[in-house]
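Undergrad: Can you read through this structure? Questions will come right after.
The values are calculated or read from the model by the stated rules, or taken from the named source; none is laboratory data. Quick caveat, the model's predicted, so the values are computed rather than measured. So basically every Cβ, Gly included, is an ideal-geometry build from the backbone, and we count neighbours across all protein chains shown.
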Amino acid sequence: MRLHRLIVPTIATAMLAACSQESPPPALPPLVKTLVAGESSPVATHSYSGEVRARYETLLGFRVGGKIAARLVDLGAVVKAGQALARLDGNDAALQVVQAEAQRQLAEAEAKRYRDLKERNFISQSALDSKETTYKAAAAQASLARNQSAYTTLTADGAGVISAVLAEAGQVVAAGQGVVRLAHHGEREVAVNIPEDAIAGLKVGSPAEVALWAEGGKTFKGRVRELSPAADPATRTYPARVSLLGVSDQLPLGLSATVRFGDGGGASMSVPLGAIFQQGNQPAVWIVDKDNGVALRPVTISRYGDSEATVSGGLVPGERFVAAGVHKLHAGEKVRLMDAPSVPKTTP
């Protein structure tokens, strides 16, 4: 009986002590770092130096070999279509014309004589055919010699500007060897070399922005017209041509230009690599809604860099996304933003 009296007060005391203790605080939502698409993650741009060139350039050379007797134009000369640019020493060509013409006349006389003999039935038809064939061959050779003689004058195949002089008077050149480069009048573009680490983000038709220092740094819109599929063996860069939009056809050649490329255009933006959550082969980012809940959104990656990835689809400018710690989140989970005040502790 006495033991029972001692146990009852002890149990009551323990129950009162347990009730007086504070309840454990609720678990706080995970704290995450976030960024705003299009604000904290601007479009990645890459700038390269280039040179204004004509879209159509022709390396002109003689169709026959020989010694250059005269160069008739200088660097920077404005020429018209058909204008003479250089001449070869034509003495040898003239002698070939005389020789070929003499052979033609002899063959023609022989053919005429054999025709008269055939009319008298003094020779066979096959003998006449042989002389007729010889005459035709000699006539063709004479025409070829005259053409070769005409090729000793190099003429412009269109109107433009001489952008390079590659041979001088007195120099012996082979057939087809470049003598001058002709930049045709018309559309202007910028020649630029793209390094290996940036080629993956470019393609024909990609937009560009071109700054011309001769125009006071004024910028013009451009578009990639040509992109080499193979790197230059010396520089290990990829030659590209960027068409200039809204630029005068009279823009001087050789001007320095700075070309800026945006990765995928105005809808693209860069996000940290830590923001990418990989779902198998599909990259995604965690989007934070207005109630601080997170939802996984698939995105399209156009380019991966050393520390950033360029998103070209799936992310809307102005949306807030998780920039780090993405592998610890779950769909629908509430999060705390690093720049937001902490949730205060509550007591019962």
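Undergrad: Of LEU60, LEU106, which residue is assigned to a strand (DSSP E or B), more than 30 Å from SER270 (Cβ to Cβ) and touching a residue at least 12 places away in the same chain (Cβ under 8 Å)? Can you show your working first?
TA: Working: LEU106 fails: assigned to a strand (DSSP E or B).
The conditions single out LEU60.
Undergrad: Scanning for something within 17 Å of VAL259 (Cα to Cα), in contact with an Asp or Glu (Cβ under 7 Å, 6 or more places away or on another chain), assigned to a strand (DSSP E or B) and of a type in the set (Val, Ile, Thr), does the stretch 201-210 turn up at least one residue?
TA: Within the stretch 201-210 (the criterion being within 17 Å of VAL259 (Cα to Cα), in contact with an Asp or Glu (Cβ under 7 Å, 6 or more places away or on another chain), assigned to a strand (DSSP E or B) and of a type in the set (Val, Ile, Thr)), the answer is no, since none of the residues qualifies.
Undergrad: Here is a further query. Inside the stretch 162-218, can you point out the residues that are among the hydroxyl-bearing types (Ser, Thr, Tyr) and within 25 Å of ARG303 (Cα to Cα)?
TA: Of the residues in the stretch 162-218, the ones among the hydroxyl-bearing types (Ser, Thr, Tyr) are 163, 206.
Correct list: SER206 only.
Undergrad: Which ranges mark the strands (runs of 3 or more DSSP E) fully within the stretch 265-315 that have 1 or more residues being touching a helix residue (DSSP H, G or I) at 6+ places or on another chain (Cβ under 7 Å) and more than 17 Å from LEU35 (Cα to Cα)? Show your work before the answer.
TA: Values: elements: 269-272, 277-279, 282-288, 294-298, 300-304, 308-313.
Correct list: 300-304.
Undergrad: Can you work out which of the residues in the stretch 149-162 that are buried (at least 18 other Cβ atoms within 10 Å of the Cβ) and among the small types (Gly, Ala, Ser) is modelled with the highest pLDDT?
TA: Among residues in the stretch 149-162 that are buried (at least 18 other Cβ atoms within 10 Å of the Cβ) and among the small types (Gly, Ala, Ser), the one modelled with the highest pLDDT is ALA156.
Here is a yes/no grid of residues against (1) within 22 Å of GLY65 (Cβ to Cβ); (2) part of a helix (DSSP H, G or I); (3) in contact with a Ser or Thr (Cβ under 7 Å, 6 or more places away or on another chain):
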| site | (1), (2), (3) |
| --- | --- |
| LYS112 | no, yes, no |
| SER126 | no, yes, no |
| GLY158 | no, no, no |
| ALA169 | yes, no, no |
| ALA175 | yes, no, no |
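Undergrad: Got at least one residue in the stretch 211-222 being assigned to a helix (DSSP H, G or I) and more than 18 Å from GLU51 (Cβ to Cβ)?
TA: If we filter the stretch 211-222 for residues that are assigned to a helix (DSSP H, G or I), which is where we start, we get 213-215.
Subset that is more than 18 Å from GLU51 (Cβ to Cβ): none.
Within the stretch 211-222 (the criterion being assigned to a helix (DSSP H, G or I) and more than 18 Å from GLU51 (Cβ to Cβ)), the answer is no, since none of the residues qualifies.
Undergrad: Only one residue in GLY318, GLY325, GLY305, GLY293 is touching a residue at least 12 places away in the same chain (Cβ under 8 Å) and within 27 Å of the chain's Cα centre (by Cα), so which one is that?
TA: Numbers: GLY318 fails: within 27 Å of the chain's Cα centre (by Cα); GLY325 fails: within 27 Å of the chain's Cα centre (by Cα); GLY293 fails: within 27 Å of the chain's Cα centre (by Cα).
Only one candidate passes the filter, namely GLY305.
Undergrad: Considering (1) on the phi < 0 side of the Ramachandran plot; (2) out of contact with any strand residue (DSSP E or B) (no Cβ under 7 Å at 6 or more places or on another chain); (3) not assigned by TED's automatic domain parsing to the domain that holds GLN250, say which one ASP197 fails and leave the rest.
TA: (3)
Undergrad: Which condition breaks for ARG104 when tested against (1) out of contact with any Lys or Arg (no Cβ under 6 Å at 6 or more places or on another chain); (2) surrounded by 15 or more Cβ atoms within 10 Å (Cβ to Cβ); (3) within 30 Å of ALA77 (Cβ to Cβ)?
TA: Among (1) out of contact with any Lys or Arg (no Cβ under 6 Å at 6 or more places or on another chain); (2) surrounded by 15 or more Cβ atoms within 10 Å (Cβ to Cβ); (3) within 30 Å of ALA77 (Cβ to Cβ), ARG104 violates only (3).
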